[in-house]
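A quick write-up on the structure given underneath.
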Amino acid sequence: MTELTELVEHGQLFIGGEFTDPLGTEVIEVISPHTEQVIGRVPHASEGDVDRAVAAARRAFDEGPWPRMALDERIAVITRIKDAFAVRHEEFARLISAQNGTPYSSSVMVQALAAMMVWDSAITVARDFPYEERRDGVLGPLLVRREPVGVVAAVVPWNVPQFTAAAKLAPALLAGCTAVLKVSPETPLDAYLLAEIAAEAGLPPGVLSILPADRAVSEYLVGHRDVDKVSFTGSVAAGRRVMEVASRNLTRVTLELGGKSAAIILPDADLDAAVAGIVPFAWMINGQACVAQTRILAPNSRYDEMAEAFAAAAGALRVGDPMDPTTELGPLVARRQQQRSLDYIRLGQEEGAKILTGGNRPPSQERGWYVEPTLFGSVDNSMRIAREEIFGPVICLIPYDDEAEAVRIADDSPYGLSGSVWTADTERGIDVARRVRTGTYSVNTFSLDMLGPFGGYKNSGLGREFGPEGYGEFFEHKMIHLPAGYREA
């Protein structure tokens with residue numbers, strides 16, 4: 001694969017299912033994190049464009065056919081989106097890697113095929129979901145209905161743009177909702193592929209709009225009085241602001257926020273298997289993943305051995321052009337992210353942690369927003385590098401004495417999104433998994449299954465995505481009282 005050789009330019013916005021001219025003249029320039037050159041330009045959506053998109057979604061929900069279609073009809077449309085996504089997955093992967101620096105070697109799966117799997121899994125969940133059920137109430141029979149919540153504002157980040165978009169749009173659309181997708185200014189180009197696919201799939205007018213814009217326009221969308229539901233993925237600070245703005249209209253929110261997840265290696269673990277299983281998911285997406293295993297907890301009895309093994313594995317990661325198929329760690333998405341990681345590396349040293357590998361810009365890269373894969377040892381969990389989400393390729397190796405202390409350290413965090421445990425005794429691992437307060441957990445592996453609920457405890461968010469729990473976030477519940485003695489014919 002090679003860097004984009006031609007400037008990718010789009011002059012219109014996708015509003016209400018059609019490409020249309022923007023109301024404003026502001027433009028977003030997309031910068032390659034590898035070359036630091038402009039690789040794309042798209043319109044910057046304005047508040048007026050948000051008004052148009054929300055109005056189209058409102059009409060489509062209140063008056064249009066989409067919420068009133070039979071479920072099988074909606075599934076047929078979403079299946080066409082999923083199938084087209086599968087056909088064009090390499091194009092998605094290439095565009096996303098060019099924009100955010102994900103190595104293409106992993107982008108095909110992490111950025112593209114995983115998103116296709118989200119669309120597919122949502123279809124599976126929708127087929128078996130209990131849209132209506134009969135109950136015996138205290139005063140008589142009841143009919144409990146689940147009805148689509150309405151107009152959904154879906155706000156997604158730059159790190160996994162299509163995966164997070166699918167996590168919101170697939171269940172929302174299958175539920176019968178209409179949606180406005182707000183995409184990040186760092187990664188707007190792949191959104192145009194999604195718009196093309198959606199238009200070709202046969203979504204009725206107004207059902208979907210896609211707007212690239214900054215935080216100010218996002219805030220306007222989230223606070224729009226005609227939005228019924230906000231589904232947001234991003235930082236804790238931004239999530240708090242989303243919740244504050246949405247609360248003015250009592251708009252329902254789902255927040256998928258940050259993480260500082262711990263991988264606990266028990267003394268009996270196979271070290272080679274643990275290193276092979278943890279390293280790809282500690283430095284995944286160049287360390288820019290909310291579920292990344294950014295704290296590795298090693299027993300004191302084997303700490304030196306584990307420090308040496310992880311330092312060797314991290315130091316061996318191939319850093320370079322994200323389009324090179326041999327690259328394992330690419331550049332960070334923006335100069336600000338590069339500087340953030342370098343600032344935390346300096347802070348970690350000031351706090352007394354020791355760099356086991358990395359710690360600088362890679363000398364092999366004269367340009368681009370690169371940071372070496374960095375592993376800190378001698379880390380205390382009270383240090384800022386162990387408590388704050390860095391969102392870069394900086395990982396902490398933390399010692400512990402016994403299993404109880406390992407669980408305590410894992411839980412001693414403002415976050416609770418993900419985690420894993422590595423042990424020769426699977427039952428022991430399951431016991432640890434039950435004790436750690438986090439939304440998703442893995443035993444001797446790392447996985448994110450789209451048929452189960454995904455979300456976090458504490459500052460990692462509110463609500464769930466994926467599975468019937470995530471699908472249910474896009475419904476209101478209605479109770480219908482039936483007359484005493486009523487029996488369905």
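The values are calculated or read from the model by the stated rules, or taken from the named source; none is laboratory data. Since we're looking at a predicted model, the values are computed, not measured. When we count neighbours, we look across all protein chains shown, and the Cβ atoms used for this are built from the backbone with ideal geometry, even at glycine.
One table, with the values for the structure above:
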read-out	value
Unique match (being free of Cβ contacts under 8 Å to residues at least 40 places away in the same chain and hydrophobic (A, V, I, L, M, F, W, C)) among Leu95, Leu113	Leu113
Test: residue in region 78-95 that is farther than 19 Å from Ala195 by Cβ, in the same structural domain as Val30 (by TED's automatic domain parsing) and among the acidic types (Asp, Glu)	no
Residue within region 422-432 that is within 22 Å of the chain's Cα centre (by Cα), surrounded by 17 or more Cβ atoms within 10 Å (Cβ to Cβ), among the aliphatic types (A, V, I, L, M) and not in a strand (DSSP E or B) present	no
Single condition Leu113 does not satisfy, out of (1) surrounded by fewer than 24 Cβ atoms within 10 Å (Cβ to Cβ); (2) over 21 Å from Leu329 (Cβ atoms)	(2)
Test: Arg340 is part of a helix (DSSP H, G or I), more than 28 Å from the chain's Cα centre (by Cα) and surrounded by fewer than 23 Cβ atoms within 10 Å (Cβ to Cβ)	no
Some residue of region 271-280 being touching a residue at least 24 places away in the same chain (Cβ under 8 Å), surrounded by fewer than 17 Cβ atoms within 10 Å (Cβ to Cβ) and part of a loop (DSSP other than H, G, I, E, B)	no
Helices (runs of 4 or more DSSP H) (entirely within region 67-170) containing at least 1 residues that are over 22 Å from the mean Cα position of the chain (by Cα)	71-87, 114-128
Conditions (1) without any contact (Cβ under 8 Å) to a residue 40 or more places away in the chain; (2) over 30 Å from Pro393 (Cβ atoms); number of the one not met by Gly176	(1)
Residues being touching a helix residue (DSSP H, G or I) at 6+ places or on another chain (Cβ under 8 Å) and either closer than 27 Å to Arg437 by Cα or without any contact (Cβ under 8 Å) to a residue 60 or more places away in the chain (or both) - total across region 210-228	3
Residue identified as farther than 19 Å from Val42 by Cα and either surrounded by fewer than 24 Cβ atoms within 10 Å (Cβ to Cβ) or in contact (Cβ under 8 Å) with a residue 24 or more places away in the chain (or both) among Pro161, Pro157, Pro185, Pro130	Pro130
Members of region 355-382 found to be surrounded by fewer than 14 Cβ atoms within 10 Å (Cβ to Cβ) and over 23 Å from Ile31 (Cβ atoms), listed by number	Ser382
Unique residue being in contact with a Ser or Thr (Cβ under 9 Å, 6 or more places away or on another chain), closer than 22 Å to Ala93 by Cβ and not β-branched (Val, Ile, Thr) when the list is Gly359, Gly330	Gly330
Those residues of region 374-397 which are within 22 Å of the chain's Cα centre (by Cα) and not hydrophobic (A, V, I, L, M, F, W, C), in sequence order	Arg387, Glu388, Glu389, Gly392, Pro393
Hits in region 303-327 (condition: surrounded by fewer than 19 Cβ atoms within 10 Å (Cβ to Cβ) and closer than 19 Å to Leu95 by Cβ)	Asp324, Pro325
Test result for Thr445, over 19 Å from Val230 (Cα atoms) and surrounded by 18 or more Cβ atoms within 10 Å (Cβ to Cβ)	no
Evaluation of Glu196 against (1) free of Cβ contacts under 8 Å to residues at least 24 places away in the same chain; (2) within 17 Å of the chain's Cα centre (by Cα); (3) under 16 Å from Gln162 (Cβ atoms) (one fails), failing number	(2)
Strands (runs of 3 or more DSSP E) enclosed by region 345-402 - at least 2 residues per element that are farther than 27 Å from Val432 by Cβ	354-357
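Residue-by-condition table, conditions (1) out of contact with any strand residue (DSSP E or B) (no Cβ under 9 Å at 6 or more places or on another chain); (2) at pLDDT 95 or above; (3) hydrophobic (A, V, I, L, M, F, W, C):
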position: Phe310; (1), (2), (3): no, yes, yes
position: Val319; (1), (2), (3): no, yes, yes
position: Met323; (1), (2), (3): yes, yes, yes
position: Thr327; (1), (2), (3): no, yes, no
position: Leu332; (1), (2), (3): yes, yes, yes
position: Arg335; (1), (2), (3): no, yes, no
position: Gln338; (1), (2), (3): yes, yes, no
position: Gly348; (1), (2), (3): no, yes, no
position: Leu356; (1), (2), (3): no, yes, yes
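This table checks each residue for (1) farther than 18 Å from Ala179 by Cα; (2) under 26 Å from the mean Cα position of the chain (by Cα).
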{"position": "Ile15", "(1), (2)": "no, yes"}
{"position": "Thr35", "(1), (2)": "yes, yes"}
{"position": "Val38", "(1), (2)": "yes, yes"}
{"position": "Arg41", "(1), (2)": "yes, yes"}
{"position": "Ala53", "(1), (2)": "no, yes"}
{"position": "Arg59", "(1), (2)": "no, no"}
{"position": "Asp62", "(1), (2)": "no, no"}
